[in-house]
Amino acid sequence: MTKNNMAREQTVFNVAHKISTKTRADRNGHRGAVIWLTGLSASGKSTLAMRVEQHLFEKGRQVYVLDGDNVRRGLSSDLGFLPQERSENIRRIGEVAALFADAGVIVITAFISPYVADRARARQASGDRFFEVYVKAPLELCEERDPKGLYKKARAGLIPDFTGISAPYEPPLMPELVVETGTQTEAESVQQLVSSIEKWVSV
Ligand code: ADX
């Protein structure tokens with residue numbers, strides 16, 4: 001333990017809220033939760049997240065999407081795609097998502113989050129409010145979809161460390177849910193997610 005860490009332990013304290021988790025859940029009619037979508041680029045994470053957000057919002061739920069591309073333009077604008085930078089990106093999102101869930105919100109995160117260890121740390125930050133969803137599509141299909149033209153650029157060597165091409169993706173070992181976007185329609189995937197989330201957040 002460094003001198004700095006010791007100082008922090010002795011000088012930074014936990015401050016208790018006066019509003020309990022249960023009080024927040026009772027008012028919202030649902031629990032807070034982190035719905036952690038992980039999968040390759042172009043597997044459908046953002047599309048699904050935004051559609052599910054819309055569905056839940058229309059049903060009166062407190063819901064918000066944290067999306068990789070958006071967060072990388074702000075909170076994580078100082079980070080690139082090296083392994084340690086992705087880890088830091090996911091660490092930040094894991095902590096921010098945990099705060100959202102604590103506030104009673106259903107937060108849907110849409111990040112590649114390629115490393116098992118980083119996702120495990122995000123789970124730790126939220127405990128039993130964390131639900132991992134593997135948005136699964138074969139690499140060939142993602143590459144064929146290539147909505148942002150990034151796979152093409154990665155294959156041409158213009159983007160280094162591209163997930164699935166020149167950087168690894170470690171699939172979840174025991175996700176709470178697998179959504180097969182390669183074989184289902186978008187509407188089916190949305191429905192599958194919405195009904196699982198409704199179950200997970202019920203009071
Ligand atoms: S993560 O690995 O740190 O979780 P994140 O989800 O935030 O990644 O960002 C992924 C998005 O950044 C992709 O959808 C793509 O648009 C863009 N991107 C740019 N460079 C890369 C890269 N080298 N690997 C993966 N995605 C990249």
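The values are calculated or read from the model by the stated rules, or taken from the named source; none is laboratory data. Source: prediction; values computed, not measured. All Cβ positions, even for glycine, are placed from backbone atoms using ideal geometry, and neighbour counts span all protein chains on display. Surface accessibility is based on the protein's heavy atoms, side chains included, excluding ligands, DNA and RNA. Shrake-Rupley method; radii C 1.70, N 1.55, O 1.52, S 1.80 Å.
Tell me the accessible surface of H55 in square angstrom (1.4 angstrom probe, heavy atoms of protein chains only), to the nearest ten.
So the heavy atoms of H55 present about 70 Å² to solvent.
Hey, what number do you get for the chain at 222 nm if only DSSP H runs of n ≥ 4 count, each worth -39500 (n - 2.57), divided across all residues, to the nearest 500?
-14000 deg cm²/dmol
Compare F13, F162, F111 in a GNM of the chain, Cα atoms joined below 10 Å, and give the one with the largest fluctuation.
The residue with the greatest mean-square fluctuation here is F13.
Which order do you get for Y151, Y134 if you rank them by accessible area with a 1.4 Å probe, largest at the top?
Largest accessible area first, the residues go Y134, Y151.
Distance in nm between label sites at Y169 and M50, each 7 Å beyond Cα in the beta-carbon direction?
Result: 1.9 nm between the two label points.
Using +1 at the C-beta of Lys and Arg and -1 at the C-beta of Asp and Glu, which of Q62, G74, L37 has the Cα lying farthest in the positive direction of the dipole of segment 22-80?
Q62
With a 1.4 Å probe and all protein chains left in place, how much of the accessible area of segment 158-203 comes from carbon and sulfur atoms, in whole percent?
Carbon and sulfur: 59 percent of the exposed surface of segment 158-203.
Keeping the other protein chains in place, figure out the carbon and sulfur percent of the accessible area of segment 72-116, with a 1.4 Å probe.
59 percent
Restrict the search to segment 97-203; then list the trypsin sites (Lys or Arg not before Pro) that DSSP places in a loop and that have at most 15 other Cβ atoms within 10 Å of their Cβ.
K148
Cα atoms only, the chain: Rg and Dmax in Å?
Both quantities, over Cα of the chain: 18.0, 56 Å.
Which whole-number percent is the relative contact order of the chain (Cα, under 8 Å, 6+ apart)?
31 percent
Cross-chain or 8 or more residues apart, Cα under 24 Å: how many lysine pairs in the chain fit that? Count them up, please.
Lysine pairs satisfying the spacing and distance rule in the chain number 13.
In nm, to one decimal, how far is the modelled label at K18 from the one at D102, with both set 7 Å along Cα→Cβ?
The modelled label-to-label distance comes out at 1.8 nm.
Have a look at T109, T181, T38 and tell me which one the Gaussian network model of the chain (Cα, springs below 10 Å) gives the largest fluctuation.
Between T109, T181, T38, it is T181 that shows the largest mean-square fluctuation.
Can you give the accessible area of Y64, probe radius 1.4 Å, in Å² rounded to 10?
About 110 Å², rounded to the nearest 10.
Provide the per residue accessible area, probe 1.4 Å, for segment 38-164, rounded to a whole number of square angstrom.
Roughly 48 Å² per residue, with all protein chains present.
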